[in-house]
Each structure stands twice: as structure tokens, then as C-alpha cells.
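Novice: Dropping a structure here in C-alpha cells format, bear with me for questions.
The values are calculated or read from the model by the stated rules, or taken from the named source; none is laboratory data. Just so it is clear, the structure is predicted and the values come from calculations on it, not from any experiment. Positions of Cβ are generated from backbone atoms using ideal geometry, with glycine treated the same way; all protein chains shown enter the neighbour counts. The accessibility values were calculated without ligands, DNA or RNA, using every heavy atom of the protein model including side chains. Shrake-Rupley method; radii C 1.70, N 1.55, O 1.52, S 1.80 Å.
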Amino acid sequence: MPSSYNYEEESSSSTTKEAMKINGKVCSSLKQVVCSAPGKIIFHGEHAVVYGKKAIAGAIKSRVKVQMSGRRGRKETDEKLTIKFPNITNNDEDGGAFVCCFHVETLQRFYQQELKEKEMSTWMELIQHFITASIEIKSKMFVTATTSLMYAYFKVWIDGGDLEYCDVTIEVISNDLPVGCGLGSSAAFNVATAASILVFSALIPTEHHKTTGSFSEQQLEVINKLGYEMERCHHGNPSGVDNSTATYGGAISYKSGRITRLPKCVCTQSVIIENNLLVVARVCRKLY
């Protein structure tokens, strides 16, 4: 199974190509972080896990890779957040790749006026309304992805993350996972995005990764928690197994937030096609 993350950082302090997989030229004002997370398959309990039963899941080789970059600057007019998605749906009606841009001043004003005094459980709906009112997006999938990304941005910002950069860009730079096929593409996106923002903002320091080549257990918990919160935008009340598999990698046993790592395993494709909504409803009837 693949490891859970890889990330690259480019800054004035980077002088070697060790651990951080530094690419390109070093620039004193540019910071760039790249994180990736794997998709998943569920061997057992895919639908029952929603109702608190145990599931056995494993990470797969295919991944989503997210890059966050920004530069230090002086002019407030340069402070903007750009979001870029590739055409991941293979649907011509979605209009191909998607790019949108928000001025940081507008985002700060929206937070002060709409989010600051509200329960965080209401944020997703408010953010989605803000996005659809601000820009034109044809694809519901892009609306959902932008909403979960923006939620993470605001959450990291109020938690004290350093986002004082100009020309910040968050971009899905590669995606090997098909969408809507039960392989955890949304969880991989959310976990990779959560990790990128947390590392970029310095809420997760990079010293442990430089030394060991991986995140610490405590850091993984932080990433997984934010990834789960983002998953709520995609699935309403997810079980947490998808984001947990994307976060920890390998094979895991999962039940109501309890994660146990398992030995490596081998799987095959049954080529049986099912409607997930109908299957979940059928499982619910059997359980209750």
C-alpha cells in the first residue's frame, strides 16, 4: 500500500533536496507545499459502517495531489486566493477545468459578517451560498469541492494559521482516481487539501517529517479531523472511514472513529455494479 503523504516545500531556508523533495529554484518570497493522499477500497462493511458497524478498508495506489503556494508581499491588492481544479468529471457539460479567484479582503469581510457569530455546523451552507452568489459554476461537483476547501481555509485561519501571503493558489495538480466510483476520491481530495493548508500555514510544523519522512500520530489526527469535517460537505454525515483510510494509508479496521491498523492484504475486482443509495437503504432495513 502507498504511504499516506508526500509533500514538497520551497522557501528561502531550503538548500538541499532531502526529505522535502524540493523541486525547481529556491525563491526567498515563495512558499510551496504539495501533499497527496490515496483513494480507498472497502473489503467489508462499506454500508453498515454508516450505522456504527465495523468496516475493513485499505488504501490504493491511485492518489490525489494538491499544491498550495503563495508569496510574501506588501500590497493588500495582491492578497487573493485562487482555486484550480482539473476537469475530473469527463463531462463536457461541466465546462472542463475550473478556476476561481477571491480577494482576501472579501473573504475576511464575509467571515466577519456571516460566519464569526455562527455555529460551525452551519458554515458549509453559508459558504456554499457565498460561493454560488460570487461566481458562476456549472458543475455541482466543483461547488462542493470549493465549499469544502473554503471551509478548511477559514478553519485554519481562525485557528491561528499563517496565511498572510499574496497570490495564494490551491490547486489539484494530479488525480488518478475516477470520480463517483466508490474509491474515495472526495476523501483523498479533502485529506490532501487539509494537509496542504495545515502544513502551509505552519499549524503542522515540518520538522518531524524532515527527520522521519512521515507525519507524527498527533499530526495525522489533526489532518484526519479536518478531512472529516470537509467530508461533511460532500456526504452530509459520513462514517469517517474514507478520510481515515486516506490519512493513515495501508489497511485499517474502522468502527465509529476507532482505527486499528492491519497487515498488508491483496484484493481483486468483482465487477459487480450497485447503486450505493439503494444498498445503504437495504442495509438500514436489515439492521433496524
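Novice: Looking at the range 53-74 only, could you name the residues that are out of contact with any Leu (no Cβ under 9 Å at 6 or more places or on another chain) and over 17 Å from N190 (Cβ atoms)?
Specialist: Of everything in the range 53-74, those that are out of contact with any Leu (no Cβ under 9 Å at 6 or more places or on another chain) and over 17 Å from N190 (Cβ atoms) turn out to be K54, A55, K61, G73, R74.
Novice: Same structure, new question: Could you list, in sequence order, all residues of the range 120-157 that are surrounded by fewer than 18 Cβ atoms within 10 Å (Cβ to Cβ), touching a residue at least 40 places away in the same chain (Cβ under 8 Å) and of a type in the set (V, I, T)?
Specialist: Passing the criteria: none in range.
Novice: Of all residues in the range 158-169, which are of a type in the set (V, I, T) and open to solvent by 10 Å² or more (accessible area, probe 1.4 Å)?
Specialist: I158, T169
Novice: Okay, moving on. Would you check if V179 is of a type outside the set (S, T, Y) and either in contact with an Asp or Glu (Cβ under 9 Å, 6 or more places away or on another chain) or in a loop (DSSP other than H, G, I, E, B) (or both)?
Specialist: It is true that V179 is of a type outside the set (S, T, Y) and either in contact with an Asp or Glu (Cβ under 9 Å, 6 or more places away or on another chain) or in a loop (DSSP other than H, G, I, E, B) (or both).
Novice: Scan the range 174-213 for residues that are of a type outside the set (S, T, N, Q), closer than 25 Å to T144 by Cα and surrounded by 14 or more Cβ atoms within 10 Å (Cβ to Cβ) and report the count.
Specialist: Selection size over the range 174-213: 19.
Novice: How about the range 210-224: which of its residues are out of contact with any Pro (no Cβ under 9 Å at 6 or more places or on another chain), more than 26 Å from T82 (Cβ to Cβ) and assigned to a helix (DSSP H, G or I)?
Specialist: Those that are out of contact with any Pro (no Cβ under 9 Å at 6 or more places or on another chain), more than 26 Å from T82 (Cβ to Cβ) and assigned to a helix (DSSP H, G or I): K210, T211, T212, E217, Q218, L220, E221, N224.
Novice: Name the residues in the range 238-265 that are open to solvent by 10 Å² or more (accessible area, probe 1.4 Å) and part of a helix (DSSP H, G or I), would you?
Specialist: Once the filter is applied, which keeps residues that are open to solvent by 10 Å² or more (accessible area, probe 1.4 Å) and part of a helix (DSSP H, G or I), the range 238-265 yields D242, Y248.
Novice: Let me ask something else. From the list M120, M124, exactly one residue is at pLDDT below 90 and under 20 Å from the mean Cα position of the chain (by Cα). Which is it?
Specialist: M120
Residues are listed down the side, and each one gets a yes or a no for (1) in contact (Cβ under 8 Å) with a residue 12 or more places away in the chain; (2) within 20 Å of H44 (Cα to Cα):
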position	(1), (2)
A194	yes, no
E207	no, no
S214	yes, no
Q218	no, no
L226	yes, no
C233	yes, no
S239	yes, yes
D242	yes, yes
T247	yes, yes
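Novice: Restricting attention to the range 214-231, which residues are under 14 Å from S36 (Cβ atoms) and open to solvent by 10 Å² or more (accessible area, probe 1.4 Å)?
Specialist: At the first step, the residues of the range 214-231 found to be under 14 Å from S36 (Cβ atoms) are 214-215, 223, 227.
Of everything in the range 214-231, those that are under 14 Å from S36 (Cβ atoms) and open to solvent by 10 Å² or more (accessible area, probe 1.4 Å) turn out to be S214, F215.
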